[in-house]
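Asks: Next up is a structure, given as structure tokens.
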């Protein structure tokens with residue numbers, strides 16, 4: 001059975017370097033690591049790759065929806081239908097303001113915590129039972145609006161930490177495919 005790893009973000013250069021796009025950036029790093037190439041299909045960028053660890057090999061479809069975050073579910077459902085992949089073989093990588101910057105949490109199922117991308121995916125699939133890689137981007141100060149914060153720029157300190165953060169996000173995403181949820185949780189939750 002193949003897997004989909006879907007990074008959430010907003011398309012366009014205006015949003016590339018924002019906290020809201022850490023999902024896109026993680027999947028970009030994963031695409032490069034697996035030696036895959038992006039192509040355009042189903043209003044999304046997709047890349048097919050094989051991930052292997054020892055005797056374990058998995059087919060992986062990487063994906064970045066090319067509609068705005070709150071419409072991510074439509075393209076993702078089309079890709080899942082095309083490749084005949086069910087929700088429980090779906091890994092969604094997204095930003096999370098409820099975790100401090102650099103924290104990574106993984107889980108299966110649960111609510112959307114007000115994240116419009118997750119809300120769209122749950123609605124499109126008719127279930128919330130899929131894997132999530134939650135990437136902490138921190139909360140804005142009380143005076144700042146959440147939307148301005150997640151669509152703004154990283155601080156200088158955050159930019160310096162970003163390469164290592166994205167490398168760990170790739171590791172967590174691959175871990176869900178190659179090992180078990182519990183193993184990935186043991187590895188990442190104690191560090192958050």
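FYI, it's all coordinate maths here, none of it is from the lab. Quantities reported herein were computed from a predicted structural model and do not represent experimental measurements. Here the Cβ is made from the backbone with ideal geometry for all residues, glycine too, and neighbour counts use every protein chain on show.
Asks: 222 nm [θ] for the chain, helices only, -39500 (n - 2.57) per DSSP H run of 4+, per residue, to 500? List each step's numbers first, then the result.
Replies: Details: 6 runs with 70 residues, N = 192.
Calculated at 222 nm, the ellipticity per residue is -11000 deg cm²/dmol.
Asks: Give me the distance in nm between label points sitting 7 Å out from Cα along the Cα-to-Cβ direction at residue 38 and residue 151, one decimal.
Replies: Rounded to a tenth, the inter-label distance reads 2.0 nm.
Asks: Return the single residue from 72, 124, 53 with maximal mean-square fluctuation; model: Gaussian network over the chain, springs between Cα atoms under 10 Å.
Replies: Of 72, 124, 53, the most mobile in the Gaussian network model is 53.
Asks: So, in nm, how far is label residue 164 from label residue 189 when the simple model puts each one 7 Å beyond its Cα toward the Cβ?
Replies: 2.4
Asks: Follow-up question, since we're still on this one. State, as an integer percentage, the relative contact order of the chain based on alpha-carbon contacts under 8 Å between residues 6 or more apart.
Replies: Details: 387 pairs, mean separation 50.5, N = 192.
It comes to 26 percent, rounded to a whole number.
Asks: Same structure again: Between the range 114-149 and the range 65-111, what is the separation of their alpha carbon centroids in Å?
Replies: Centre-to-centre (Cα) distance: 9 Å.
Asks: Would you mind computing, in nm to one decimal, how far apart the modelled labels at residue 88 and residue 144 are, each placed 7 Å from Cα along Cα→Cβ?
Replies: 4.0
Asks: May I pose another question? So for the range 64-192: antiparallel DSSP bridges make up what percent, rounded to the nearest 5?
Replies: Details: 5 of 11 bridges.
The answer is about 45 percent antiparallel.
Asks: Here's something else I'd like to know. Say R0 is 22 Å: what FRET efficiency, to the nearest 0.05, do residue 81 and residue 50 get from their beta-carbon distance? Each step should come with its number before you reach the end.
Replies: Numbers: r = 21 Å, r/R0 = 0.97.
After rounding, the FRET efficiency stands at 0.55.
Asks: Over all directions, the average projected area of the alpha-carbon convex hull for the range 3-189 comes to how many nm²? Mind showing how you got there, number by number?
Replies: On the way: hull surface 40.1 nm².
Result: a mean projected hull area of 10.0 nm².
Asks: Would you mind calculating the gained length between residue 59 and residue 113 on full extension (0.36 nm times residue separation, minus the Cα-Cα distance), in nm to one decimal? Could you put the intermediate results ahead of the total?
Replies: Details: separation 54, 0.36 × 54 = 19.44 nm, distance 3.01 nm.
Here the segment from residue 59 to residue 113 would lengthen by 16.4 nm.
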